[in-house]
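Derivation of every value follows stated rules applied to the coordinates shown; laboratory data play no part. Just so you know, these numbers come straight off a predicted model, no measurement behind them. In this analysis, Cβ positions are derived from the backbone assuming ideal geometry, glycine residues included, and neighbour counts consider all displayed protein chains.
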Amino acid sequence: MKMALFADVVVNGETIASAAIAAEAQNHTAPKGKPGIAWRKAAQALAIRTLLLQEAKARGLDADPEELAPGRVETEDEALIRAVLDEALTIAPVTDQAVRAEWARDPDRFRSEPLWDVSHILCACDPREEAASAIAEARAQAVLARLDGDAKGFARLARESDCGSKASGGHLGQLGPGDTVPEFEAVLRTLPEGGTTPAPVLSRHGWHIIRLNATAPGQVLPYETVRPKIAQALEKAAWARASRDFIEMLATEATITGASLAPI
């Protein structure tokens, strides 16, 4: 990335260093071969950050960093940005009427977590070891080619699995969200009942052939159960809208060169 291709970013006379934008660009995605988009996203983010810090200074606010998590404390800049938004934004309380209306739009959205009855065959390997992973994948492909699609055939071939579940025909029992690795769970969310993965699936444990025996869909939850979650989501959305409006107001009153605050 050639820094000379990009103009300096200046916000109300304050220049943002190219090195800072380059570092921030690592946190933004861009299509392959188009690093300029990541640069523009980074320049925009730092321009907004600078605007908010300038506003905090204009209001005479002091930084009072808070602990965000064990071992993670806000930086002074983060504390100042939080302080200026807390002072500037006024969010109307979410009413029960608004929460109930959001719920009534589609109560079916609010369900308990599903359960999946699952079997698998594991060809174990360390995915970081290329040769071992290739051998395990080839072995999994060979097993998959021998499957005839029924549960009995799957259980029979599961005796070749590297998982302790081979003693029960590869049966893992009922799994819920978070009970297995992300790659495995992603497959469970797409397989039909009685379906088997058409190709082996790689996880940190090795290559899996996965069969979804049955699905127990989550039940629609009553309004009182989901009310707090809906209220929290509405409050978060209102805060996001208010913060965007505030930043747009600051931008209209500012002189900014080298960056655009329009959506990228």
Here D for the chain, in µm²/s, from Stokes-Einstein with a Kirkwood Rh over Cα pairs at 10 °C and 1.306 mPa s, works out to 67
Once you mark the GluC sites (Glu not before Pro) that are in a DSSP loop and have at most 12 other Cβ atoms within 10 Å, what is the longest gap between them in the chain?
1-65
When a footprinting reagent is the concern and you count Cβ atoms within 10 Å, what order do 77, 148 take, fewest first?
148, 77
Give the Kirkwood hydrodynamic radius (Å, one decimal) of the range 34-77, defined as one over the mean of 1/r across all pairs of different Cα atoms.
12.5
How long is the gain from residue 75 to residue 91 if the chain were fully straight, where each residue apart is worth 0.36 nm and the alpha carbon distance is subtracted?
3.3 nm
Intensity falloff of the range 211-261 expressed as log10 I(q)/I(0), Debye formula with alpha-carbon point scatterers, at q = 0.19, 0.22, 0.30, 0.32 Å⁻¹
-0.78, -0.88, -1.07, -1.13
Aspartates and glutamates near residue 229 by alpha-carbon distance under 17 Å, same-chain residues fewer than 8 away left out - which ones?
96, 102, 106, 108, 113
Cα to Cα, under 20 Å, and not fewer than 8 places away if on the same chain: which lysines meet these conditions relative to residue 34?
2
How large is log10 I(q)/I(0) at q = 0.10, 0.17, 0.21 Å⁻¹ when the Debye formula is applied to the Cα atoms of the range 13-169, each weighted equally and without solvent?
-0.84, -1.03, -1.25
Of the options 28, 164, 63, report the single residue whose Cα projects farthest towards the positive end of the charge dipole of the chain (beta-carbon charges: Lys, Arg +1; Asp, Glu -1).
164
Whole-Hz Karplus couplings 3J(HN,Hα) for the range 202-216, θ = phi - 60° and coefficients 6.51, -1.76, 1.60, Gly and Pro as x, run 8, 9, 5, 8, x, 9, 10, 10, 10, 10, 9, 6, 7, 10, 10
Highest-fluctuation residue, 131, 155, 45 considered, GNM on the chain with Cα pairs under 10 Å
131
Which of the trypsin sites (Lys or Arg not before Pro) across the range 1-91 are loop residues per DSSP, with 14 or fewer other Cβ within 10 Å?
2, 32, 59
Please compute the length gained on full extension between residue 235 and residue 179, using 0.36 nm multiplied by the number of residues separating them and subtracting their Cα-Cα distance.
17.1 nm
Around residue 150: net Lys/Arg minus Asp/Glu count, Cβ-Cβ under 15 Å:
+2
Gap separating the Cα centres of the range 69-120 and the range 1-59, nearest whole Å
28
So, relative contact order of the chain in percent, Cα under 8 Å, 6 or more apart, is 26
Kirkwood hydrodynamic radius of the range 115-216, Cα pairs, Å
13.3
If I model a spin label at residue 111 and residue 146 as a point 7 Å from the Cα along the Cα→Cβ vector, what separation in nanometres do I get?
3.7
Using alpha carbons only: equivalent-ellipsoid semi-axes of the range 14-107, gyration tensor based, whole Å
31, 23, 14
